[in-house]
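Undergrad: I have a structure I would like to understand better, so I am pasting it below and will then ask my questions one at a time.
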Amino acid sequence: MMKQQSNKRTIVLGLILIAVMALLSVAAEALAGSVSGLSMLLVVLKKGTVYALLAVSMNLLNGFTGLFSLGQAGFMLLGAYTYAILAIPVAKRAGVFQYYDGGVVQFSIPEIFSGFLGDVVGSVIGMLLTLVLCGLLAALLGWLIGLPSLRLKSDYLAIATLGFAEILRTFIQFEGSAPLTNGSNTLRQYTTFQHLYPYVIIVGVCILLIVLLVNSTYGRAFKAIRDDEIAAEAMGINLARHKMLSFVISSFFAGVGGGLMAMYMSSVQAKGFTSAMTYEILLMVVIGGIGSISGSVIASFLFIGCSEWWLRFLDDSSNNIGSFQLLAPGFRMVVFSVFIMVIVLFFRRGLLGDRELPDLARRMKKSFRKEGKHK
Amino acid sequence: MLKIEDLHVSYGGIQAVKGISLEVPDGKIVTLIGANGAGKSTTLRTIAGLVPAQSGQIFLQDEKITNLSSDRIVSKGITLVPEGRRVFPDMTVLENLKIGAYLRRDRPEMEKDLQWVYDLFPRLKERSWQAAGTLSGGEQQMLAVGRALMSRPKIMMMDEPSLGLAPIVVQGIFEIIREINRQGVTILLIEQNANMALKVADQAYVMETGRITRQGTGQELLNDESIKEAYLGKHK
């Protein structure tokens with residue numbers, strides 16, 4: 001009984017939070033023209049939002065279930081390509097697939113829906129469905145990869161999933177699959193969301209779903225597997241089935257995140273989805289705290305903020321004082337690395353550890369009350 | 001009744017169980033005593049479905065349950081309190097107990113069983129929001145037992161519940177074992193603390209290097225000279 005009530009509370013609070021964020025992003029966009037710096041903030045927020053979903057989906061697997069997988073870039077790649085291929089308007093296909101006679105796919109899902117639901121509503125519904133499809137394809141692939149590789153433990157699983165992601169990237173760039181994927185050429189001109197708020201809403205809903213999953217009996221089983229596989233098995237938790245479930249769900253959201261990433265970048269090329277991208281997301285998970293959803297979200301925004309915005313001035317050699325040429329392109333990454341090392345040194349379990357923001361707030365309230373009593 | 005016939009198990013390349021047969025009648029406390037490495041734990045883990053049997057059969061009320069998966073075994077009413085307690089340290093006491101009821105879907109009955117566990121272990125109720133890792137050894141053992149009871153078992157198997165606990169705490173644990181048994185749960189207990197185990201047991205087996213070498217009622221073995229010498233520390 002109590003359980004259901006707290007679930008309802010999470011849903012209501014989550015939806016309110018999403019609505020507030022969406023309204024704020026609408027307001028920020030309206031003001032972007034007149035306030036300086038705001039347009040850069042919007043870029044960071046958009047990218048950060050997409051990465052938040054990617055980090056949370058990776059945390060579900062690596063943090064909550066304790067499966068160390070490095071296949072994230074592969075599932076993102078599949079999501080991004082699925083979205084891009086299915087959302088290029090038919091009229092533009094000849095231009096995009098210029099070396100392959102317009103490619104083999106000759107329809108666009110957003111266009112199909114706008115055909116009978118009107119331009120705006122139809123294309124939005126079409127885009128959302130395409131995103132779901134990205135997730136479903138990634139989930140299916142996750143299931144196929146999970147069959148052999150989830151028998152592996154720790155590092156071996158990481159190697160296997162890393163290998164798969166590389167294979168997928170090569171396969172997409174392969175000439176034989178080019179009529180479908182455009183080979184190593186860029187996919188572009190597909191329909192995207194221009195504004196920030198659709199990203200906020202989609203990512204918000206996805207993360208809310210993950211939060212509900214983590215708080216459910218399944219989530220508890222995932223954590224049990226992470227903490228002690230043998231005890232979990234002795235309690236009657238089917239290890240293989242739950243690991244697979246976690247892997248497939250994480251892949252689903254990585255696929256959706258990949259689709260959103262394609263949208264945000266407005267052109268995709270398989271070459272960018274290297275294992276370095278996986279490590280970037282892993283870094284966000286580690287910085288935020290393994291096993292903390294709010295930690296992952298915060299870390300993604302901090303990470304993107306640092307790498308895209310606040311540290312940019314370090315790359316600009318015109319900012320140098322005197323003849324000492326310290327600031328130069330790439331110096332930003334040096335400072336950034338130092339930041340990360342400091343975080344890892346002083347927050348060994350990440351910024352939030354395995355706690356969530358509401359827990360911390362509650363704890364602080366409690367300790368304030370205690371201090372008050374002492375006085 | 002749980003019945004084992006000529007069970008062979010090899011575990012980690014070692015023939016740990018070399019053909020044992022034993023019976024655990026309903027409503028009784030049966031104990032399996034023996035030295036380190038005699039194959040006691042492996043026997044329990046095989047019954048629980050965590051380790052595959054090489055040959056031989058395990059029956060629960062005449063139904064063959066050999067080599068079923070562990071979740072099937074739990075849902076048939078056999079649960080294991082693993083050696084070293086193995087509570088989930090980062091989860092709260094309540095979450096640990098809920099994991100015990102993982103396979104059950106009958107919410108109202110689960111609430112009742114939670115009350116039952118809290119009545120058995122009032123300590124757990126006081127600490128239900130505390131992380132299990134912060135409990136004392138004895139409390140963790142209570143939690144491990146409570147967690148196992150949450151699956152509403154017919155047979156509860158306990159692997160060394162007295163391990164690493166203070167004598168006074170061990171006393172308490174054994175009283176609880178008796179109490180749980182009185183409430184209708186059959187118990188299969190393995191122990192190195194042979195003295196305590198034989199005192200509570202209706203039926204006892206002695207295991208040595210993978211074989212059962214002696215059996216009898218708890219009282220018989222407690223009074224047996226050779227058992228006294230080997231396991232009970234007889235005064236000379």
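What follows is calculated from the coordinates using simple rules that are stated; it is not laboratory data. Note that the structure is predicted; figures quoted are calculated from it, not measured. In this analysis, Cβ positions are derived from the backbone assuming ideal geometry, glycine residues included, and neighbour counts consider all displayed protein chains.
Undergrad: Could you please tell me the mean projected area of the C-alpha convex hull for segment A:198-262, averaged over all directions and given in square nanometres to one decimal?
TA: Value for segment A:198-262: 4.5 nm².
Undergrad: With r as the distance between the Cβ atoms of A:Ser337 and A:Ser177 and R0 = 41 Å, compute the FRET efficiency 1/(1 + (r/R0)^6) and round to 0.05.
TA: Given R0 = 41 Å and the Cβ-Cβ separation, E is 0.65.
Undergrad: Further question: What distance in nm separates the simple spin-label points at A:Arg349 and B:His8, each placed 7 Å from Cα in the Cβ direction?
TA: Using points 7 Å along Cα→Cβ, the separation is 4.8 nm.
Undergrad: Continuing with the same structure: Only sites in a loop by DSSP and with at most 13 other Cβ atoms within 10 Å count here; which chymotrypsin sites (Phe, Trp or Tyr not before Pro) in segment A:291-364 make the cut?
TA: Taking segment A:291-364 and a limit of 13 other Cβ atoms within 10 Å, the loop chymotrypsin sites (Phe, Trp or Tyr not before Pro) found are A:Phe324.
Undergrad: Work out the mean other chain Cβ neighbour count within 10 Å for the residues of A:216-228 and drop it here as an integer.
TA: For this peptide, the per-residue mean of nearby foreign Cβ atoms is 4.
Undergrad: Here's something else I'd like to know. Using packing as a proxy for protection, rank B:164-171, B:148-155, A:193-200 so that the peptide with the highest average count of other Cβ atoms within 10 Å comes first.
TA: Per-residue mean Cβ counts within 10 Å order the peptides as B:148-155, A:193-200, B:164-171.
Undergrad: For segment A:2-291, what is the convex hull volume of the alpha-carbon atoms per residue, in Å³?
TA: Here the figure is 145 Å³ per residue.
Undergrad: Taking R0 as 22 Å, what's the FRET efficiency between A:Val90 and A:Val120 from their Cβ-Cβ distance, rounded to 0.05?
TA: The computed FRET efficiency comes out at 0.75.
Undergrad: While we're here: Nearest 10 degrees is fine. How inclined is helix B:137-149 to the longest principal axis of chain B, computing both from alpha carbons?
TA: Taking Cα atoms only, the helix is inclined about 90 degrees.
Undergrad: Right, here's the next one. From the phi angles alone, apply the Karplus equation (6.51, -1.76, 1.60; θ = phi - 60°) to segment A:147-164 and give each ³J(HN,Hα) in whole Hz, x where the residue is Gly or Pro.
TA: Karplus-based 3J(HN,Hα) across segment A:147-164 equals 3, x, 8, 6, 6, 7, 10, 5, 4, 5, 5, 4, 5, 4, 6, 4, x, 4 Hz.
Undergrad: Now for a different question. Mind checking which aspartates and glutamates have their C-alpha under 16 Å from A:Lys223, skipping anything on the same chain fewer than 8 residues away?
TA: A:Glu233, A:Asp354, A:Glu356, B:Asp90, B:Glu95
Undergrad: Starting from the coordinates of the alpha-carbon atoms of the protein assembly as shown, obtain the Kirkwood hydrodynamic radius over all distinct pairs and give the value in Å to one decimal.
TA: Over the protein assembly as shown, the inverse of the mean reciprocal pair distance is 27.7 Å.
Undergrad: Follow-up. Which net charge results for the neighbourhood of A:Gly126, defined as the other residues with beta-carbon distances under 11 angstrom from its beta-carbon, given Lys and Arg at +1 and Asp and Glu at -1?
TA: -2
Undergrad: Okay, which of segment A:246-280 sit inside 15 Å, backbone N to the point 7 Å along the Cα-Cβ direction of A:Leu136?
TA: Counting backbone N atoms under 15 Å from the label point, the list is A:252-253, A:255-256.
Undergrad: Quick check on the protein assembly as shown: of the DSSP beta bridges with both residues there, what percent are antiparallel, nearest 5%?
TA: Restricted to the protein assembly as shown, the bridges split so that about 55 percent are antiparallel.
Undergrad: Please report, in cubic angstrom per residue, the volume enclosed by the convex hull of the alpha-carbon atoms of segment B:36-123.
TA: In segment B:36-123, the Cα hull volume divided by residue count equals 142 Å³.
Undergrad: Among B:Ser151, A:Leu45, A:Leu213, flag the residue with its Cα farthest along the positive direction of the charge dipole of the protein assembly as shown, charges on Cβ as +1 for Lys/Arg and -1 for Asp/Glu.
TA: Comparing the listed Cα positions along the dipole, A:Leu45 ranks first.
Undergrad: Simple spin-label model, 7 Å along Cα-to-Cβ: B:Ala166 to B:Ser128 in nm?
TA: Distance between the two pseudo-spin positions: 2.7 nm.
Undergrad: Let me ask something else. Note the count of lysine pairs whose C-alpha atoms are less than 17 angstrom apart in chain B, limited to pairs 8 or more residues apart or on different chains.
TA: Going through chain B pair by pair, I get 19.
Undergrad: Let me ask another. If each residue's Cβ is checked for other Cβ atoms within 10 Å, how do B:Val51, A:Val342, A:Val50 rank with the fewest at the top?
TA: A:Val342, B:Val51, A:Val50
Undergrad: Sticking with this structure for a sec: Would you mind giving the three semi-axes, in whole Å and largest first, of the ellipsoid equivalent to segment B:111-152 according to its Cα gyration tensor?
TA: 16, 11, 8
Undergrad: Which cross-chain or sequence-distant (5 or more) residues have an amide H under 5 Å from the amide H of B:Tyr205, H modelled 1.01 Å from N in plane?
TA: Residues meeting the amide H criterion: B:Thr31, B:Leu32, B:Ile33.
Undergrad: Along its principal axes, what span do the Cα atoms of segment B:2-232 show, with the longest given first and each in whole Å?
TA: That works out to 46, 37, 32 Å along the principal axes.
Undergrad: Name the GluC sites (Glu not before Pro) in segment B:177-233 that are in a loop by DSSP and that have at most 11 other C-beta atoms within 10 Å, would you?
TA: Listed in order of number, the matching sites amount to none.
Undergrad: Based on the Cβ-Cβ distance of A:Ser318 and A:Ser39, what FRET efficiency does E = 1/(1 + (r/R0)^6) give at R0 = 25 Å, to the nearest 0.05?
TA: Efficiency computed from Cβ-Cβ geometry: 0.75.
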